[in-house]
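Chemist: Sharing a structure with you now.
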Protein chains: 2
Amino acid sequence: MSYKEVELKDYEYILSVAENDKERVFFKDQINEDYSHDELGGIKKMPDIVVQATSAEEVSKVMKYAYENNIPVTPRGSGTGLVGAAVPLKGGIVIDLSRMNRILELDDENLTLTLEPGVLLMDIGKYVEEFDLFYPPDPGEKSATIGGNISTNAGGMRAVKYGVTRDYVRGLEVVLPNGEIVELGGKVVKNSSGYSLKDLMIGSEGTLGIVTKAVLKLLPLPKKALSLLVPFESLEKAIETVPKIIKSKSIPTAIEFMQREAILAAEEFLGKSFPDKSSDAYLLLTFDGNSTEEIEKAYENVAKICLESGALDVLISDTEERQESIWSARGCFLEAIKALTTEMDEVDVVVPRNKIGEFVTFTHELESKANVRIKSFGHAGDGNLHVYILRDELNEEEWKAKLSEVMQIMYDKAKELRGQVSGEHGIGFAKKGYLKQSLPDKCINIMQGIKLAFDPRNILNPGKVCE
Amino acid sequence: MSYKEVELKDYEYILSVAENDKERVFFKDQINEDYSHDELGGIKKMPDIVVQATSAEEVSKVMKYAYENNIPVTPRGSGTGLVGAAVPLKGGIVIDLSRMNRILELDDENLTLTLEPGVLLMDIGKYVEEFDLFYPPDPGEKSATIGGNISTNAGGMRAVKYGVTRDYVRGLEVVLPNGEIVELGGKVVKNSSGYSLKDLMIGSEGTLGIVTKAVLKLLPLPKKALSLLVPFESLEKAIETVPKIIKSKSIPTAIEFMQREAILAAEEFLGKSFPDKSSDAYLLLTFDGNSTEEIEKAYENVAKICLESGALDVLISDTEERQESIWSARGCFLEAIKALTTEMDEVDVVVPRNKIGEFVTFTHELESKANVRIKSFGHAGDGNLHVYILRDELNEEEWKAKLSEVMQIMYDKAKELRGQVSGEHGIGFAKKGYLKQSLPDKCINIMQGIKLAFDPRNILNPGKVCE
C-alpha cells in the first residue's frame, strides 16, 4: 500500500490541531532522533511529523486527518518497547502520548483508577498506595507508560499470583483509525455484551486503535510483604524447584530467577551492593497478604521445599530497605546487561511453567554451541523468560547471521514445549516472522481480517504484528 | 443469506461421521423438541439435524461439510441459556456437545485443568476440590456446561473477589467455521503473541468457533469459608450498604442480594426451609481465605458496617450444612421464580457497582408504574442484576407490548448509569436490538467485520450477537 508523501501543509494542519504550539509539534529535521527507534534500537525510521498530543480530541483530529489523507500514524509512549512496535516504519506521523499523563479519578466505591495513557507505571503504584490500594501488574520497566503496558498486555513479576495487565483493565477510551472516539467496557465488573473489543485492543500494540483513557481495577493493598532470596549452586537446580513450589499450593506473589553475572552487572550499573552474590544462581520470591500468620505459613513451607531441593540458604528480607536493594537490582537487569555489550536483541518466550527449567538448560547449551554470549533472567514462576543475545565484537553481517540462527533455534524449542513467541513484549516488527511460524496460517488470516475491520486503509501503525 | 435446504443425504453424511450411531444423530421428526429452545423458551426453531458429537474430529468434519455445503450450524451445551443463543434460528445442524464431557488432565505443576466443553460446572468444582484446588467462577446455574460458561463469559457469585470465566481460561481448542481445528493460548500464564483470539472467542456465544477443549487456570483451595446472612428492612437499605463494604477494602468473595419473595419461592421450590425470612431484604456475603485471623477480621469489619447502615441482625453461617441451605436457595431463584408465573423474560444488565442501588430502586418504581410483576435478585457486589419480568395472565399481544416497553426503559436506565446490556447471559438473539442501541454503530460494524474474518460464509450460529 502506498501512502501520501507528507508535506508542509500537513504539518501546518497538525500544528493547528495542537493549538499552534511549536513546543509539541515537529516537522522533518526538527524531530529528535529518539523518535526513530525504541529501547533496543535495532529497527530505525524517522517520522515526518511528531505531535505530542494533550487530549483525546487532538488524537482524534490528527487520526481523522491522516485517515482522510492516507498518512500512516504510529502511536508512542515512553519508547521502552523492545520489538520496534513504536517505530514509524512507513514514516508519516508519530503521536506521542507521553504528555497525556494525568490521573483523572480514583473511585473508591468501584475500586477503579481512571487515567490517561501517558501515566508512567511507577507513578500508578505510588499514587494508589496512598489510598491503601494496589495496582498489581509489575513489569520490570517502571518508566513505561500504562498505554504501553496495555498495548503489549505486559505481565511483570507479580503475574504468578495476580495475573497480567489484561486482568486489570476494566475499560478503555480508544480513538479508532477513522478518528472516532469510542468507549470499550467501563467501570463494570462483568461484561458479556458482544465480542470483547476491549480485550482485542489489549495487546494489539497500537495497530487497532489508540488508547486515550483507561479504567483500571484496583485491589486493597496487602498489609504485609516479604521477600526470600534463595541461593543455589546452579541455575538448573534453582529452576527445578519452581514446579515443586507451585505444586505445594503456597503460591508466592513473584518467583524470579537470576544469576551472579546479572547481579554483578546490576551492582555496577546501580553502584549499590547486593545482599549476596556468593552463589551462581538465585530464586527471588515475594509473598504478600494481610496476616502475618498467612504469610509465614506460606514462606516457611516454600523455604522448606527450597532447602529440600538443594538451596544453599534462605535469606529473608523483611525490611523495606533490604527488599528495595534486591528489587532495584532486579529492576535494572535489562539496562545492566545492555551496558555489558555493544548491541543486543531479545527473546521473550513464554512456556508452561514446568518447562522453564528445560528451556533454560537448552539456552545454556546453545550459548556454548553457538559461541555467542546469551544472558537470561526472568519470571520463573510464570514461565516467561527474557533471554538476551549479546553482539559483543561481531561485525554487522556476522551479528545478523548469528542472531537469526540463535533466535530460530530458541523459538523452535519454545514451540516444541508448547510455548508462545511472546509473553509480554509483543510482536511489533521484530518478531513478525516468528509469530507467523508459530501459528496456523488461518489464525494469521483471521488476525489480518480483524485488522481490516478496524483499519480498512491500513494507516494505523502499519507493518506490525500480523501484517 | 440463503442456505442449502437440508436433505436426507446430508443426514446420512453426518451419520457416517458419527460412526453411524443412530443414538446420537437425529433427523427432522426424530428430533426432541428441547433442541428448539433454551431455558426461557421464548425463541423457538427446530433444527433439521442434531448430532451429539464425541470428539473435536467429529465436530471438525461436520463443520467442514456444513461449510462446503452452506448449511447453518448451531452449537449447544446444556441449553441453560436465556437469550436464545443456542436456538438454530435458520434450521440446519445442531451440534450438541454435552457428550464431550471428559475431564482430560489435572496438571498440578501448572495448576491447570484440561477438559471437554460438555463438562458441567457442578462437576468441575467437585473434581478439583479433591486435589485441594479451586475453580472460582460460580454462576448460579450449576448444570450449565463449561463450554456455555466460556461462550457467555459467565461471571457468577464470586466475581467480586475472583473475577469472571475469562480470567480462568488459559487456552482453548476451537473448531473454526471452515472445520479447521486450532489452539488458542495454552498452558502459558502470559501471552502477547498477536491479537488475542482466545479472548475474542470467550463471550462470542458460539458465533466465531466451537470450543472443543479448554485449559482452565486453578487456584489453591481456600482453607476456610464463612457466610453472613444480613437482614435489612428494605432492599434499598441493603443495597446502599454495598459501596460502603467495597470502600472498606474488606472485600468479600460474594455479595448477593435477595428479597423475601424470592426466598419464599425458593423454599417452596426446594421444599427446604431457609434460616431466616422475617425481613424484607437480605444481603448474603461469603468470605474465604487461608487463616481464621484474616477471615474474622474481614467479616467483623463488614458486619460492623452493615449494622451501622441499618442491618437488623448479622447471622453467621460457619457450618457447611447451614451454608448449603442458604446457597442452595440462592442457586434456585431462577427456577423458583419461573414456577411463580406462566412465562417470563429477563434483563441481565451490569452497572458500576455503586449504581446498583439506584437501578434497583428504579426497577421497583417501574414495577408499580408499569403494572407488571418484576422480580430481581443478583450480584450486588459486582453490579450485575438479574431482573425477571413475569407474564402472569397477560395475553400474547399484551405480553409482547409490556415486555418491550419495560425492557426498553430498563436498558435506557442502564445506559444512563454507564452500564452494559449484559453482565453474563450474553446477547444471543433476544438482546441484539439492545446491544445495537447501546454501542456506537462503528463498534457494531467492527464486530461484524470480525465475524466475517472468522466466518465468511456466515454459517456458524447465524442471526446472533451483532448480525
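Chemist: Give the distance, in whole Å, between the Cα centre of region B:62-108 and the Cα centre of region A:138-154.
Modeler: Cα centroid to Cα centroid, the span is 39 Å.
Chemist: Taking the Cα centroid of region A:439-467 and of region A:191-264, what is the distance between the two, rounded to the nearest whole Å?
Modeler: For region A:439-467 versus region A:191-264, the Cα centre distance is 28 Å.
Chemist: How far is A:Gly433 from the same spot in each other copy, in nm, shortest first, if each label point sits 7 Å from Cα toward Cβ?
Modeler: Those separations, rounded to one decimal, come out as 5.5 nm.
Chemist: Let me ask something else about it. Which angle from 0 to 90°, rounded to the nearest 10, does the C-alpha axis of helix A:396-416 make with the longest principal axis of chain A?
Modeler: So the helix axis and the longest Cα principal axis differ by about 70 degrees.
Chemist: Out of all DSSP beta bridges in region B:103-220, what portion is antiparallel? Express it as a percent rounded to 5.
Modeler: 95 percent
Chemist: Separate question: According to the square roots a ≥ b ≥ c of the eigenvalues of the Cα gyration tensor, what is the shape class of region B:50-90, taking rounded for a/c under 1.5, prolate for a/b larger than b/c otherwise, and oblate for the remainder?
Modeler: In terms of gyration-tensor shape, oblate.
Chemist: Show me, for region B:288-300, the HN-Hα J-couplings you get by feeding each phi into the Karplus relation (A = 6.51, B = -1.76, C = 1.60, θ = phi - 60°), rounded to Hz, glycine and proline as x.
Modeler: 9, x, 9, 10, 4, 3, 4, 5, 4, 4, 5, 6, 5
Chemist: Would you work out which of A:Ala370, A:Leu435, A:Met407 lies farthest towards the positive end of the dipole of region A:353-446? Charges go on Cβ: Lys and Arg +1, Asp and Glu -1.
Modeler: Of the candidates, A:Leu435 comes out farthest on the positive side.
Chemist: Separate question: Sort region A:185-232 into rounded, prolate or oblate with this rule: let a ≥ b ≥ c be the square roots of the eigenvalues of the Cα gyration tensor; rounded if a/c is under 1.5, and if a/c is not under 1.5, prolate when a/b is larger than b/c, oblate otherwise.
Modeler: prolate
Chemist: Per DSSP H run of n ≥ 4, the term is -39500 (n - 2.57); total these for chain A, divide by its residue number, and report the mean residue ellipticity at 222 nm rounded to 500 deg cm²/dmol.
Modeler: Calculated from helices alone, the mean residue ellipticity at 222 nm is -10500 deg cm²/dmol.
Chemist: Additional query: Pull out the extension gain between B:Gln437 and B:Ser278, defined as 0.36 nm times the separation in residues minus the alpha carbon to alpha carbon distance; nm, one decimal.
Modeler: Fully extending the segment from B:Gln437 to B:Ser278 adds 53.1 nm.
Chemist: Here is a further query. Suppose R0 equals 25 Å. What FRET efficiency, 1/(1 + (r/R0)^6) with r the Cβ-Cβ distance, do B:Glu467 and B:Lys244 give to the nearest 0.05? Walk me through the numbers on the way to the answer.
Modeler: Details: r = 43 Å, r/R0 = 1.70.
Plugging the Cβ-Cβ distance into 1/(1 + (r/R0)^6) gives 0.05.
Chemist: Moving on to the next point. Under the rule a/c < 1.5 gives rounded, and otherwise a/b versus b/c splits prolate from oblate, where does region A:223-340 land using the Cα gyration tensor? Don't jump to the answer; show the numbers that get you there.
Modeler: Values: a/c = 2.17, a/b = 1.39, b/c = 1.56.
Oblate shape, in that a/c is at least 1.5 and b/c is the bigger or equal ratio.
Chemist: Fewest Cβ neighbours within 10 Å first, please rank A:Thr114, B:Thr207 accordingly. Working shown, then result.
Modeler: Details: A:Thr114 19, B:Thr207 29.
Result, fewest neighbours first: A:Thr114, B:Thr207.
Chemist: Taking the Cα centre of each part, how many Å lie between region A:1-33 and region B:293-334?
Modeler: 61 Å
Chemist: Using amide H atoms built 1.01 Å from N in the peptide plane, name the residues 5+ places from A:Ser193, or on other chains, whose amide H lies under 5 Å from its own.
Modeler: Amide H to amide H, under 5 Å and 5 or more residues apart or across chains, A:Ser193 pairs with B:Ser422.
Chemist: Shifting gears a bit: Report the percentage of all Cα-Cα pairs in region B:341-425 whose separation exceeds 21 Å, rounded to a whole percent.
Modeler: Numbers: 835 of 3570 pairs.
Within region B:341-425, distances greater than 21 Å cover 23 percent of Cα pairs.
Chemist: Between B:Glu321 and B:Leu452, what length comes free when the chain is fully extended (0.36 nm per residue of separation minus the Cα-Cα distance, one decimal in nm)? Can you show the working numbers first?
Modeler: Working: separation 131, 0.36 × 131 = 47.16 nm, distance 5.09 nm.
Here the segment from B:Glu321 to B:Leu452 would lengthen by 42.1 nm.
Chemist: Right, another one. How much net charge surrounds A:Leu97 when only the other residues with a Cβ under 9 Å from the Cβ of A:Leu97 are counted, with Lys and Arg +1 and Asp and Glu -1?
Modeler: 0
Chemist: Straight-line reach only, C-alpha to C-alpha below 16 angstrom: list the lysines that B:Lys355 could link to, leaving out same-chain residues fewer than 8 apart.
Modeler: Counting by Cα, and skipping residues close in sequence, B:Lys355 has these lysines nearby: A:Lys187, A:Lys190, B:Lys237, B:Lys244, B:Lys247, B:Lys413, B:Lys415.
Chemist: Hey, what does the equivalent ellipsoid look like for the protein assembly as shown, semi-axes from the Cα gyration tensor as sqrt of 5 times each eigenvalue, largest first, whole Å?
Modeler: Details: eigenvalues 376, 227, 168 Å².
With the √(5λ) rule applied to the protein assembly as shown, the semi-axes are 43, 34, 29 Å.
Chemist: Provide the gained length on full extension for the span B:Thr361 to B:Leu270, in nm with one decimal, where the gain is 0.36 nm per separating residue minus the Cα-Cα distance.
Modeler: 29.9 nm
Chemist: Which distances, shortest first and in nm, link A:Glu397 to the matching position in the other copies, using label points set 7 Å out along Cα to C-beta?
Modeler: Result for A:Glu397, in nm, nearest copy first: 8.8.
Chemist: Can you give the three extents of the C-alpha atoms in region B:17-70 along their principal axes, from longest to shortest, in whole Å?
Modeler: 33, 24, 19
Chemist: Tally Lys/Arg at +1 and Asp/Glu at -1 over every other residue whose Cβ is under 11 Å from the Cβ of B:Pro139; what's the total?
Modeler: 0
Chemist: Counting pairs of alpha carbon atoms under 8 Å apart in space and at least six apart in sequence, what relative contact order in percent does region A:8-96 give? Before the final figure, lay out the partial values.
Modeler: Working: 146 pairs, mean separation 30.3, N = 89.
Relative contact order comes out at 34 percent.
Chemist: In degrees from 0 to 90, rounded to the nearest 10, what is the angle of the helix A:356-370 Cα long axis to the longest principal axis of chain A?
Modeler: Once rounded, the angle reads 80 degrees.
Chemist: From the label point of A:Thr292, set 7 Å from Cα along Cα→Cβ, how far away are the matching label points in the other copies, in nm, ordered shortest to longest?
Modeler: 1.8
Chemist: Hey, which residue of A has the C-beta nearest the axis mapping A onto B, and what's the distance in Å?
Modeler: Chain A residue with minimal Cβ-axis distance: A:Asp199, 2.
Chemist: Quote the charge dipole size of chain B about the Cα centre in Debye, to the nearest 20; the model charges only the Cβ of Lys and Arg (+1) and of Asp and Glu (-1). Before the final figure, lay out each step's value.
Modeler: Numbers: 56 positive and 75 negative charges, 274 e Å.
I would put it at about 1320 debye.
Chemist: How much net charge surrounds B:Glu397 when only the other residues with a Cβ under 14 Å from the Cβ of B:Glu397 are counted, with Lys and Arg +1 and Asp and Glu -1?
Modeler: For residues surrounding B:Glu397, the net value is -2.
Chemist: Send over the Kirkwood Rh of chain A, from the inverse of the averaged 1/r over different Cα pairs, rounded to one decimal Å.
Modeler: With all distinct Cα pairs of chain A included, I get 23.1 Å.
Chemist: Same structure, new question: So what's the angle, to the nearest 10 degrees on a 0 to 90 scale, between helix B:8-17 and the longest Cα principal axis of chain B?
Modeler: 70 degrees
Chemist: First measure r as the distance between the Cβ atoms of A:Asp21 and B:Asn301, then evaluate 1/(1 + (r/R0)^6) with R0 = 51 Å and state the FRET efficiency to the nearest 0.05.
Modeler: E(calc), rounded to 0.05, equals 0.50.
Chemist: Pop out the ³J(HN,Hα) list for region A:461-467 in order, Karplus 6.51 cos²θ - 1.76 cosθ + 1.60 with θ = phi - 60°, rounded to Hz; leave Gly and Pro as x.
Modeler: Residue by residue, region A:461-467 yields 6, x, x, 10, 6, 10, 7 Hz.
Values quoted throughout were computed directly from the atomic coordinates according to the rules given, and no laboratory measurement underlies them. Worth saying up front: this structure is predicted, and the values here are computed from it rather than measured. Methodologically, a virtual Cβ is constructed for each residue, glycine included, from the backbone with ideal geometry; neighbour enumeration extends over all protein chains shown.
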